[in-house]
């Protein structure tokens, strides 16, 4: 990855992180868009799996710092998702919107599952409801938003790797 | 190549394991250490993110609370509007309660519709007929007077079982025989029929003899002549004289006592009550006091020369109140006896008084009817008192409304 590409990817990453902390709380949806997952996935597919996991860990810890009750959960979820995304980058960026959406969906759902299970805050039927209803909904919204953002950021990100 | 790949894979796996271990450690940190670590991160790399998130949340809260505030303001405005309406309705009903207390019996309360007319609507489209929510079942008959606290509103024209249709004083067919409270001038009041302008909705008092000029602010009441309206219902106050084709008599423009705007609850006087007379109802001390105040104010604006007259009016009012108190006392002791005469509010204490008007028995019960009087000669059988006029010194300045001693003195001074 050239320096120019790296800078453009960093800009896209910063933009998505910014959206996560501005647009997401502003919208306040019950099933919110997870721009952080999109950002991590976007960066992870351009890195080696180990480095992607490290990025996931740092971003996750930074996000967890704002919600101390679940400190570590986000880091765990994001590092696993980032590692898997980097490992499956050929599938992820096949220039197929449906596949990309599916990957965003799976990534977000996996992240939520890891986050909720490791967080130990919700249990029993509420956890099931969260995992089977709200997480898929949030994953759907995230997937749609991710595909839309990929289309919008295509001039910035250039050809997809893989 | 394969070695490099294997090395890369080992590094990746090592990093993954490191990240997983770090995450698990973060997850299972003691609460104190976890909070400390989170606080450190919040103060460093997460600080701008936390700030952004907080501002976004505040913006959203402000946005949501704006809607809430707007809704609350709307509710407040609605409540304020309702409150204003309720206050004015309450004031009207209180006034009407006062009138009902003074009438005591022989009336039916109804609601005039269209009610809640806006003043503008009334000014631009004078209310000539209106429905009253009481009819024949309640004893309402055609030609029954419709009154409110202010005075005469109109007359029942047609009666159904449960409702009636009345004409207001603005109707072209409306006529009422009127006089001043001291009978100094008689005339016929009808609607002032102009198509536009500020004089719409006013009344005309026609046929006033040239020898009986009236001053602005003079109260005009129904005379009782003609049989439809009993004597003493307030009709209006004189605004000024107007020029008409009738050169043989004066015509005056009157301000109606009972505004048609926002007309709501009204009373329909039943025949028995009208026959019994209502002279003391609108001329009670309370009503007369307010009328005197209004008239005195009008006189003030016309000519500021009535300090003595006002004093006389106050004395007059005090005398009336004392007379009413004594009348109430004697009624309380003997309700069978004919009621003592309640002096006409326009007559000063000690001055000649009218023959007592029997206003009925105790509250709520129909009073014994007075001896029937021929309607057409209503004035004739009224026995004028033979009490000589007192020799009290009369004020030299006339009362602006022409009532009372001062008024009489003023009239006496007229050519």
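Each residue in the range B:60-79 was checked for being at pLDDT 90 or above and touching a helix residue (DSSP H, G or I) at 6+ places or on another chain (Cβ under 8 Å), and 0 of them qualify. Just wondering, is there one or more residues in the range B:252-266 that are in a strand (DSSP E or B) and within 16 Å of residue B:141 (Cβ to Cβ)? Scanning the range B:252-266 turns up at least one residue that is in a strand (DSSP E or B) and within 16 Å of residue B:141 (Cβ to Cβ). Selection of first residues in the range B:31-48 that are within 8 Å of chain A (Cβ to nearest Cβ) and assigned to a helix (DSSP H, G or I) and of second residues that are at pLDDT below 85 and surrounded by 13 or more Cβ atoms within 10 Å (Cβ to Cβ), restricted to Cβ pairs under 6 Å at least 6 apart or on distinct chains, gives the following pairs, ordered by first then second residue: B:35/A:68; B:38/A:68. Just so you know, in the range A:65-76 the residues that are more than 7 Å from chain B (Cβ to nearest Cβ) and more than 21 Å from residue A:86 (Cα to Cα) include one that is surrounded by the most Cβ atoms within 10 Å (Cβ to Cβ), and it is A:70. No other residue among A:52, A:6 is part of a helix (DSSP H, G or I) and either more than 14 Å from every other protein chain (Cβ to nearest Cβ) or closer than 30 Å to residue B:64 by Cβ (or both) apart from A:6. Taken together, B:232, B:226, B:201 contain a single residue that is out of contact with any strand residue (DSSP E or B) (no Cβ under 6 Å at 6 or more places or on another chain) and part of a loop (DSSP other than H, G, I, E, B), which is B:201.
Among the listed residues B:22, B:50, identify the single one that is at pLDDT 90 or above, touching a helix residue (DSSP H, G or I) at 6+ places or on another chain (Cβ under 7 Å) and closer than 18 Å to residue A:69 by Cα.
On the way: B:50 fails: at pLDDT 90 or above.
Answer to the selection: B:22.
In the range A:89-99 there is no residue matching the filter, namely being buried (at least 22 other Cβ atoms within 10 Å of the Cβ), in contact with a helix residue (DSSP H, G or I) (Cβ under 6 Å, 6 or more places away or on another chain) and within 10 Å of another protein chain (Cβ to nearest Cβ). Considering every residue within the range A:77-85, establish whether at least one is more than 8 Å from every other protein chain (Cβ to nearest Cβ) and more than 20 Å from residue B:27 (Cα to Cα). The answer is yes, given that some residue of the range A:77-85 is more than 8 Å from every other protein chain (Cβ to nearest Cβ) and more than 20 Å from residue B:27 (Cα to Cα). Would you check if residue B:64 is free of Cβ contacts under 8 Å to residues at least 12 places away in the same chain and outside the structural domain of residue B:270 (by TED's automatic domain parsing)? Spelling it out, residue B:64 is indeed free of Cβ contacts under 8 Å to residues at least 12 places away in the same chain and outside the structural domain of residue B:270 (by TED's automatic domain parsing). Kindly establish whether residue B:174 is over 22 Å from residue B:103 (Cα atoms) and in contact (Cβ under 8 Å) with a residue 24 or more places away in the chain. Spelling it out, it is not the case that residue B:174 is over 22 Å from residue B:103 (Cα atoms) and in contact (Cβ under 8 Å) with a residue 24 or more places away in the chain. When residue B:207 is tested against the conditions (1) in contact (Cβ under 8 Å) with a residue 24 or more places away in the chain; (2) part of a loop (DSSP other than H, G, I, E, B); (3) at positive phi, the lone failure is (2). Among the residues of the range A:18-27, those identified as within 7 Å of another protein chain (Cβ to nearest Cβ) and buried (at least 19 other Cβ atoms within 10 Å of the Cβ) are A:21, A:25.
Here residue B:103 does not qualify as surrounded by 12 or more Cβ atoms within 10 Å (Cβ to Cβ) and either under 22 Å from residue A:63 (Cβ atoms) or within 9 Å of another protein chain (Cβ to nearest Cβ) (or both).
The C-beta contact set for the range A:145-162 (first residue closer than 17 Å to residue A:103 by Cβ, second residue in a loop (DSSP other than H, G, I, E, B) and at pLDDT 80 or above, distance under 7 angstrom, 6+ apart or interchain) comprises A:145/A:33; A:161/A:45; A:161/A:46. Looking only at residues in the range A:28-45 that are over 14 Å from the mean Cα position of the chain (by Cα) and more than 8 Å from chain B (Cβ to nearest Cβ), the one that is surrounded by the most Cβ atoms within 10 Å (Cβ to Cβ) is A:31. Within the range B:129-141, not a single residue is farther than 12 Å from residue B:268 by Cα, modelled with pLDDT under 85 and in a loop (DSSP other than H, G, I, E, B).
The values are calculated or read from the model by the stated rules, or taken from the named source; none is laboratory data. Computed from a predicted structure; not experimentally measured. Here Cβ is always computed from backbone atoms with ideal geometry, including for glycine, and neighbour counts include all displayed protein chains.
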